[in-house]
Amino acid sequence: MPSIESFPTKRGTARFTEDSIHFEESFSGYIQSLYQEFWQRGTWWHNGIFVGYILAFPIGLGWVVSAVRGGDFFFLAVVVGSIAMFWVMNYARGFRSPDRIQLDTIEKVSATAGMKGLTRPRLIITYIDGETTYRRRVNLQPLYTSNGETAYEQAQAAFAERGF
C-alpha cells in the first residue's frame, strides 16, 4: 500500500485513489496556496511576492480596459493572439488538462526540478486516452516556498511508489 496519498500542486492538490489520480485545481485554490505560502510566512519579501501576484490581475485587466478605451487594438490583438498561439501550440503538442487520469493508462512520468527563482518544479505525465498519447503538465509549488522542495520530492516518491 503506497504511503503518499496526495501532494500539493501550483493550483491545488493531486490525490491518488486506488485506480487513478485526481487533480483538484482551481483559481481559488491557487490564491489560497499563494496566501499560505507567501503571506502567512510573515517575511517582508514573501509578503511582497504575494501582493505582486494579487495585483497582477487587476493591473492587467486595467491595461486591457485602457487599451480598448484608447483604441490601441493592434497591441491588444498582438497580446491576445500570442496567448492563443501558445495555447494552440501546446494543444497540438499533445498537452491536455484532465481532472482525472487512470493509473493504468500512464506510460511514464518525468520530473523536472526547476531552478530556484526562475522556473518551478513540474511533472509531465504521459498517458494514453483511446488510441492517442497525451501529456499533462503538473506544475508544483515554487522552490522558494517553505514546502517547495518537499512537495517536489513527495510528488516523485508518490509516483515511484506506484511503479512510475
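The values are calculated or read from the model by the stated rules, or taken from the named source; none is laboratory data. Model, not experiment: these values are computed from the prediction. FYI the Cβ positions are ideal-geometry reconstructions off the backbone, even for glycines, and counts take in every protein chain you see. Accessible surface is based on the protein model in full, side chains and every heavy atom, while ligands, DNA and RNA are left aside. Shrake-Rupley method; radii C 1.70, N 1.55, O 1.52, S 1.80 Å.
Give segment 94-114 a look and list any residue that's under 15 Å from TYR152 (Cβ atoms) and touching a residue at least 24 places away in the same chain (Cβ under 8 Å), or say none. Don't jump to the end; show me each part of the working.
Step one: filter segment 94-114 for residues under 15 Å from TYR152 (Cβ atoms), giving 109-114.
Correct list: VAL109, ALA111, ALA113, GLY114.
Regarding segment 138-160, can at least one residue be identified that is acidic (Asp, Glu) and part of a strand (DSSP E or B)? Steps first, answer last, please.
Start the filter on segment 138-160 by keeping residues that are acidic (Asp, Glu), which leaves 149, 153.
From what's left, part of a strand (DSSP E or B): none.
Looking through segment 138-160, none of the residues is acidic (Asp, Glu) and part of a strand (DSSP E or B).
Take ILE21 and tell me if it is in a helix (DSSP H, G or I) and hydrophobic (A, V, I, L, M, F, W, C).
Numbers: in a helix (DSSP H, G or I): no; hydrophobic (A, V, I, L, M, F, W, C): yes.
No, not satisfied.
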* Selection count where residues are open to solvent by less than 20 Å² (accessible area, probe 1.4 Å), over 22 Å from SER146 (Cα atoms) and among the aliphatic types (A, V, I, L, M), scope segment 1-29 -> 1
* To do: Look at LEU76 and say whether it is of a type outside the set (D, E, K, R) and either modelled with pLDDT of 85 or more or in contact with a Ser or Thr (Cβ under 7 Å, 6 or more places away or on another chain) (or both).
  => no
* Selected residue [aromatic (Phe, Trp, Tyr), over 22 Å from ILE49 (Cα atoms) and open to solvent by less than 60 Å² (accessible area, probe 1.4 Å)] from TYR127, TYR152 -> TYR127
* Structure fact -> Within segment 43-61, residues being surrounded by 11 or more Cβ atoms within 10 Å (Cβ to Cβ), of a type outside the set (A, V, I, L, M), modelled with pLDDT of 80 or more and within 18 Å of LEU143 (Cβ to Cβ) number 4
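So which of GLN40, GLN32, GLN102 ends up being surrounded by 11 or more Cβ atoms within 10 Å (Cβ to Cβ), at pLDDT below 90 and touching a strand residue (DSSP E or B) at 6+ places or on another chain (Cβ under 9 Å)?
On the way: GLN40 fails: touching a strand residue (DSSP E or B) at 6+ places or on another chain (Cβ under 9 Å); GLN102 fails: at pLDDT below 90.
Only one candidate qualifies: GLN32.
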* Asked: Residues in segment 7-16: is at least one part of a loop (DSSP other than H, G, I, E, B) and touching a Pro at 6+ places or on another chain (Cβ under 9 Å)?
  -> yes
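Go through segment 29-82 and report how many residues are in contact with a Pro (Cβ under 8 Å, 6 or more places away or on another chain) and not polar (S, T, N, Q). Before you say what the answer is, go through the steps one by one.
Taking segment 29-82 as the starting set, the residues that turn out to be in contact with a Pro (Cβ under 8 Å, 6 or more places away or on another chain) are 33, 37.
Now restrict to residues that are not polar (S, T, N, Q): 37.
The qualifying residues number 1.
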* If the Cβ limit is 7 Å and pairs must be 6+ apart or interchain, which residue in segment 125-137 that is in contact (Cβ under 8 Å) with a residue 24 or more places away in the chain and over 10 Å from THR105 (Cβ atoms) pairs with which residue that is open to solvent by less than 70 Å² (accessible area, probe 1.4 Å) and among the small types (Gly, Ala, Ser)? -> ARG135/GLY94
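Hey, any hits in segment 104-114 for a residue that's in a helix (DSSP H, G or I) and of a type outside the set (A, V, I, L, M)? Lay out the reasoning, then the answer.
Here is the first cut: in segment 104-114, the ones in a helix (DSSP H, G or I) are 104-105.
If we keep only those that are of a type outside the set (A, V, I, L, M) as well, we get 104-105.
So far as segment 104-114 goes, yes, one or more of its residues are in a helix (DSSP H, G or I) and of a type outside the set (A, V, I, L, M).
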